[in-house]
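A short write-up of the structure that comes next.
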Amino acid sequence: MFPIPKNIIFDLDGVLIFSEHLHAVAKQKTLAPLGINLTLEFIDSYTGRTDQVFWEEIKLSHPEIKEDILTLNNLKKEVYQTLTSELKPVTGSVEFVTEAKNKGIVTGVVTSSDTFYQSIAFDFLGVNSLIDHLVNADAVTKHKPDPMPYLKMKELMQAKTTETFVIEDSPSGIKAAKTAGFFVVGLTTSFDSDKLKSVGADFTIDSYQDLKKKLEW
């Protein structure tokens with residue numbers, strides 16, 4: 001029997017909401033007018049990492065980009081806002097969070113998204129009242145795969161790692177959570193099971209229904 005935790009920590013993109021693809025499209029559309037044409041496959045390789053890291057590396061590899069990172073971020077936000085009608089929840093995610101709250105479980109979200117994108121996602125999902133603790137990209141100075149975001153959440157929750165598990169969908173997120181000492185469930189929305197296990201996931205699930213069976217909910 002899978003132990004019922006006192007705390008559950010969720011990643012956001014790919015775990016609660018399908019938005020990673022929209023972020024990739026927004027980056028692609030931001031760069032195209034600047035003469036930089038990147039494939040979505042390449043941009044997807046940054047899944048789970050911050051926009052800051054993406055822009056820093058793109059500017060290094062494309063010195064012809066004269067815009068600074070703040071400008072690129074603002075241009076991307078303008079594009080992203082035109083795409084929000086395409087947002088979708090991960091199937092069963094909101095229902096699972098609701099059931100967890102009804103069972104008295106403390107909930108948290110650790111995301112590489114900044115407040116702008118995180119707020120859009122929370123409002124779309126309607127989960128503002130369901131999430132007890134939040135660590136987004138603006139709350140820490142280091143980001144996944146660094147463990148700082150999860151260590152910050154551990155502090156906020158006053159959580160024991162033996163009473164907590166994390167749900168993550170990306171290698172960088174899993175590495176961060178494992179380094180912080182957490183039990184990690186890998187959700188196969190963005191990467192396959194073998195990839196998630198290879199970076200440390202304790203086990204993987206294909207859906208929230210799978211997890212509910214593990215928990216015997």
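Things to note:
- Spherically averaged projected area of the convex hull of Cα atoms, segment 132-201: 4.5 nm².
- Charge sum, other residues only, whose C-beta stays under 13 Å from residue 88's C-beta, Lys/Arg counted +1 and Asp/Glu -1: -3
- Rounded to 5, percent antiparallel among DSSP beta bridges of the chain: 10
- Cubic angstrom per residue, convex hull over Cα atoms of segment 20-85: 77
- Gain upon complete extension [residue 115, residue 82; 0.36 nm per residue less C-alpha separation]: 10.1 nm
- DSSP H segments from the chain that extend 30 Å or more along their own axis, Cα-based, with Kyte-Doolittle mean of 0.5 or above: none
- Selection from 39, 65, 84 lying farthest towards where the dipole of segment 20-85 points positive, charges on Cβ: 84
- Electrostatic tally near residue 65: other residues with Cβ closer than 12 Å to its Cβ, Lys and Arg +1, Asp and Glu -1, net -3.
- Listed residue pairs exceeding 20 Å between alpha carbons, taken from 154/195; 76/154; 6/195; 101/214; 175/213: 154/195; 76/154; 6/195; 175/213
- Cα pair count fraction exceeding 22 Å, expressed as % - the chain: 48
Since every read-out is calculated from the coordinates, none of them should be taken as a lab result. Here the structure is a predicted model, which means the values were calculated and not measured. Glycine gets a Cβ as well: all are built from the backbone with ideal geometry, and neighbour counts include every protein chain shown.
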